[in-house]
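As C-alpha cells, the structure follows; a few thoughts come after it.
Every number here is computed from the coordinates shown, using simple stated rules; none is lab data. What you see is a predicted model; the values in this text were computed from it and never measured. Here the Cβ positions follow ideal geometry from the backbone for every residue, glycine too, while neighbour counts run over all protein chains shown.
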Amino acid sequence: MPQTQTTISVFLKDGSKKEIPAGSSGLDLAKSISNSLVKKSIGLLLNGESKDLLTVLKDGDKVEIITQDDPSSYEFLRHSTAHILAEAVQNIFKGARIAIGPVIEDGFYYDFEIPNHKLTPDDLVKIEKEMQRLIDEDQKFIRVNIQDVSKQIKEFKSQGEKFKAELLEEHKNENPTLYVLEDKSGNPVWNDLCRGPHITSSKQVKAFKLLSVSGAYWRADETKESLQRIYGTSWWSKEELDAYLHKIEEAEKRDHRKLGRQMELFSMHDETGPGLILWHPNLAFVRSQMENYWRELHQKNGYEIVYTPHIARTDLWNISGHNEFYKENMFYMNVDQQDYVLKPMNCPFHVLIFKSTRHSYRDLPIRMAELGTVYRYERSGVMHGLARVRGFTQDDAHIFCRKDQYVEEIKGVIKLVDLMYKGFGLEYFAELSTKPKDAIGAKESWDFAETGLEQALKEYGLAYKINPGDGAFYGPKIDFKLKDALGRIWQGATIQLDFNLPNRFELKYTEKDGSQEQPVMVHRAIYGSLERFAALLIEHFAGAFPLWLSYKQVIILPITDRQIDYANKIANLLKEKNIRAHVDERAESVNAKIRDAQLEKIPYMVIVGDKEVKENNISIRMRKKGDTGTTTIDKFIELLLNEISQKII
RNA sequence: GCCGAUAUAGCUCAGUGGUAGAGCAACGGUUUUGUAAACCGUAGGUCGUCAGUUCAAGCCUGACUAUCGGCUCCA
C-alpha cells in the first residue's frame, strides 16, 4: 500500500533537521519550536529569500525564522507600514493613485498622485490617525497569485491605477502577486501589487510616524508625472521609535548650517547670490589647517604644487570638451568681445602646464596638485549649506604617468587618502565604479583602466564594493565614502581615470626608444571640496573641533580682575609656543565665562584665581571632561603640544 | 529646474486686517564673583523685494528673490 507522506523535513539555521507535518507554514514551524519564538517571529529566510511567515514549507527547505531582533525584520515592518499608509491615503483622498512604496534606511516612503490636493503637514496628522484606525482593525496581509494578468491590468486601469497597471505589465512574466488586506470578517478592503514579503497583521505595527511630504517623479524621471511623496518610519516598539526620533534631533543639532550661524563659522548672502560661501575667521582657521596639512602631506608624497587662474578663454574649454559636455554647468562672461569661462575644473590648466614642456619617460610620473577654486552652475533647488555650492575649492591633483606606473600610482593615492583621513579620525570605505552605458573611449582603454584600479585596491588590501555602470563617461573611478560620528555617509575622495583629455590635448612623452607615447592621466581629490569636507568636520565633531583644528585652543578665565595680569602672563607663555590662547577679561562671573567658553566649544579652559596666582599654577577645565584639577604651566604646555602634534581627536 | 513649505530685531521665535513684541546677543552702569547664565537700564525693525486689494496690510492676492524638505544632478 503506497504511503502518503505526512511529514516533511526542513533544515534550520544551525543546520539541524526538523520533521514537521506536510502543509506546515513557517509560523507552524515556529510554534513547534517555542512559544516565545512565535511571539517574535516576523518572516522567513527561505532558501536564502525573504518570505512571508505564513509561506507553506516544502520538504528539504532551508528555513531561518526572522524575529524582531533581526535587523532584516524591519523590512517586513516598514514595507507593510507603507501599504497601510497607502490604504489610509486612498481612504481619505478619493481618487488618489498609488505609485511605489519602498523601504529606505530607517523608514519607508510611498508616492501618490492625488488630483486636486496638495498634501500639507496637517494632512500627515490626519493620515496617521487613519493608519492607526486600520492598524487597530487588525487587518490581515494576504498574498494572492495573479492568475489572469491581463484581467488584473484591466482592473487596475478601470480603477485609475495607471502606475500599478504599468508595473504589472512590466513584471507580468515574474509570477506577480497581489497583497490583499482583509478586515476581521475576512472581507478584502484594499490591495496592492507587491512582491512582498509582509508581516501577517496590521496590528504588528506598534510604533510609526510620518515624517515629511515632498515631491518626486514617477520613475525618477522629470519628464514624467509629478508625484507627492510621504516619508515615514516604523519600529517594533515606542522606545525604538523615540530613540530614532531622538537621533534625528541630535543630527539636527549638528547640522553644519545651524552650527555655522551659532558658532560664526560662515555665512551666505542674498547680495552675493546662492551657493557662494563667506568663510568667517573661525572656519577660515579650520580651513587653513586643512590646507597646511594637505600641503605638507602632498609635498612629502611627491606632488608639486601649482596655481592656475580662475578664468580662461572659451577656446580652452572647446579643446577640453567642457564647452560641449559641461555647458549647462558653466558661468560665461564676455569682456572686450572675448568669451571667457569661469573654470568649473582645474584639469585643462594642469594639462597645459604638462604640455608646455617636452617630457621624457624618465620625467614621469608627474604629480601636479592645486587647491583650485572652481565655479559650477548648480540648479537652484540643489544648494545645501557648505555641502553643495556653486563656488568651491577642490584639493585637485593630476598624475601623468606611464602605463607601467599606473597601478603603483593608484596605490600611492590610496595610501595618501588613508594618511590624510587619519588626521581627522575618520573611517571610510571604497567603491569602484565601472563603465557606464554612454561611455566614450575604446574598450581596451576601459579594460586597462578598470583592471588597473581593481588591482591597485587588491594589492593595497582595501575592501571595496563595485558599482557597475556608475563611472564617469570618460573613465572609471574609485570613490571613498566617509562615515561620520552618527554613521552617516559622505562623499569623500575620488580617483578618476581620464582618457579624454590626453587625447584632446594630444599629450605625449618620449619613450626609451624615441617613440611618442600618450601618458595615462589620473584625476584625484582627497578632501573632495574644502567646503563639503568642512561641513563633514563640523557635523562629525558637532562643532567641537580637535585641538589642532580649533581656532581658539585655550581660553584663560580669571576669577576676578585681580588675576588679569597673571592670566595675560600665561596667555603670552602659551602664545610663545604657538598655542592660540585668549583671556576672557569681561566683568562676568566665572560660571558665565565657563558657560560661554563651553558653548564656543573651546577645548581647554584655564581658570586662575588668587590661589593659582599664589601657588604659580593653573586650574584646567577640559571641554570634554570638565574640571581636571590644577597643574603647572610647563606640564600643561607639554600636554597641549603633544596633543597638537599627534593630532589627537 | 521640478513638487511642497517658509521668510518679523544680529540669533531663536510670538504676533488671524486697526499704534510691531519676548528671550538671548549688543551697548551703558552697578557687582569682583571658584568650575554651565549676577542685577538694572538703553538702543535696535520700510515685517525678504516689488506690485495689487482695502478707509486701513506684518496679516489677504500676484510676481520675483532667498532659504528649508525632497526629486533630479553632483565635489
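Please report the antiparallel percentage of the DSSP beta bridges confined to the stretch A:471-592, to the nearest 5.
Looking only at bridges with both residues in the stretch A:471-592, the antiparallel portion is about 80 percent.
Would you be so kind as to identify which of A:180, A:158, A:134 lies farthest towards the positive end of the dipole of the stretch A:90-197, taking Lys and Arg as +1 and Asp and Glu as -1 on Cβ and the Cα centre as origin?
Toward the positive end, the furthest listed residue is A:158.
Could you go through the stretch A:314-324 in sequence order and give the Karplus-derived ³J(HN,Hα) for each residue, using 6.51 cos²θ - 1.76 cosθ + 1.60 with θ = phi - 60°, rounded to whole Hz, and x for Gly and Pro?
Once rounded to whole Hz, the list reads 4, 3, 4, 6, 6, 5, 5, x, 4, 5, 9.
Among the lysines, which have Cα under 22 Å from the Cα of residue A:62 when same-chain residues fewer than 8 positions away are ignored?
The qualifying lysines are A:13, A:17, A:18, A:31, A:39, A:40, A:51.
Taking the stretch A:547-645, how many lysine pairs are there with alpha carbons less than 21 Å apart, if each pair must be eight or more places apart or span two chains?
27
Placing unit charges on C-beta atoms (Lys and Arg positive, Asp and Glu negative, everything else neutral), compute the dipole magnitude of chain A about its Cα centre in debye, rounded to 20.
620
Which ³J(HN,Hα) values, rounded to whole Hz and listed in residue order, are derived for the stretch A:40-48 from phi using the Karplus coefficients 6.51, -1.76 and 1.60 in 6.51 cos²θ - 1.76 cosθ + 1.60 with θ = phi - 60°, glycine and proline given as x?
3J(HN,Hα) across the stretch A:40-48, in whole Hz: 8, 5, 10, x, 10, 10, 9, 6, x.
Restricting the calculation to Cα positions, tell me the Rg (one decimal) and the Dmax (whole number) of chain A in Å.
Expressed in Å, the Cα Rg and Dmax of chain A come to 31.2, 108.
Compare the peptides A:565-577, A:546-558 by average per-residue count of other Cβ atoms within 10 angstrom and give them in order, highest first.
My ranking of the peptides, most packed first, is A:546-558, A:565-577.
Among the chymotrypsin sites (Phe, Trp or Tyr not before Pro) in the stretch A:109-139, which ones are in a DSSP loop with at most 15 other Cβ atoms within 10 Å of the Cβ? Mind listing them?
none
Based on the Kirkwood radius over alpha-carbon pairs, what value in µm²/s does the Stokes-Einstein equation return for the translational diffusion coefficient of the stretch A:569-622 at 25 °C and 0.890 mPa s?
Value of D from the Cα-based Kirkwood radius: 204 µm²/s.
What relative contact order, as a whole-number percentage, does chain A give when Cα pairs under 8 Å and 6 or more residues apart are counted?
8
What whole number of Å gives the distance from the Cα centroid of the stretch A:369-417 to the Cα centroid of the stretch A:110-155?
One Cα centre to the other: 45 Å.
To make sure I understand the rule: partners must be lysines, Cα under 18 Å from the Cα of residue A:481, and not fewer than 8 residues away in the same chain. Which ones qualify?
A:411, A:415, A:422, A:458, A:465
Enter the angle in degrees (range 0 to 90, nearest 10) between the Cα long axis of helix A:530-540 and the first principal axis of the Cα atoms of chain A, meaning the one along which they spread out most.
Here the helix axis deviates by roughly 70 degrees.
For the ranges A:437-447, A:588-598, what's the packing order if you count other beta-carbon atoms within 10 Å of each residue, average per peptide, and put the highest first?
Ranked from most to least packed, the peptides come out as A:588-598, A:437-447.
Could you list which residues have their amide H under 5 Å from that of residue A:67, counting only those 5 or more apart in sequence or on another chain, with H placed in the peptide plane?
Here the answer is A:42, since their amide H atoms fall under 5 Å of that of residue A:67.
Tell me which residues come under 5 Å, amide H to amide H, from residue A:61 once H is placed; ignore anything under 5 positions away on its chain.
Excluding prolines and chain starts, which carry no amide H, the hits are A:11.
Students often get this wrong: which residues of the stretch A:204-224 have the backbone nitrogen under 12 Å from the point 7 angstrom along Cα-to-C-beta of residue A:162?
Residues A:218, A:224 qualify, since their backbone N sits under 12 Å from the label point.
How do the peptides A:312-325, A:39-52 rank, highest first, by the average count of neighbouring beta carbon atoms within 10 Å per residue?
A:39-52, A:312-325
In whole Hz, with x marking every Gly and Pro, tabulate ³J(HN,Hα) for the stretch A:332-338 from phi via Karplus 6.51 cos²θ - 1.76 cosθ + 1.60, θ = phi - 60°.
Values, residue by residue: 10, 8, 10, 10, 6, 6, 10 Hz.
Just to confirm the filter: which trypsin sites (Lys or Arg not before Pro) across the stretch A:370-429 are DSSP coil and have at most 14 other Cβ within 10 angstrom of their Cβ?
Passing both the DSSP loop test and the Cβ count: A:379.
Which residues' amide hydrogens lie under 5 Å from the amide hydrogen of residue A:25, considering only partners 5 or more residues apart or on another chain, with H built in the peptide plane?
Sorted by chain and number, the residues that satisfy this are A:57.
DSSP loop (so not H, G, I, E, B), at most 11 other Cβ within 10 Å: list which trypsin sites (Lys or Arg not before Pro) in the stretch A:101-192 pass both filters.
Here the trypsin sites (Lys or Arg not before Pro) that fit, given the DSSP loop and packing criteria, are A:118, A:184.
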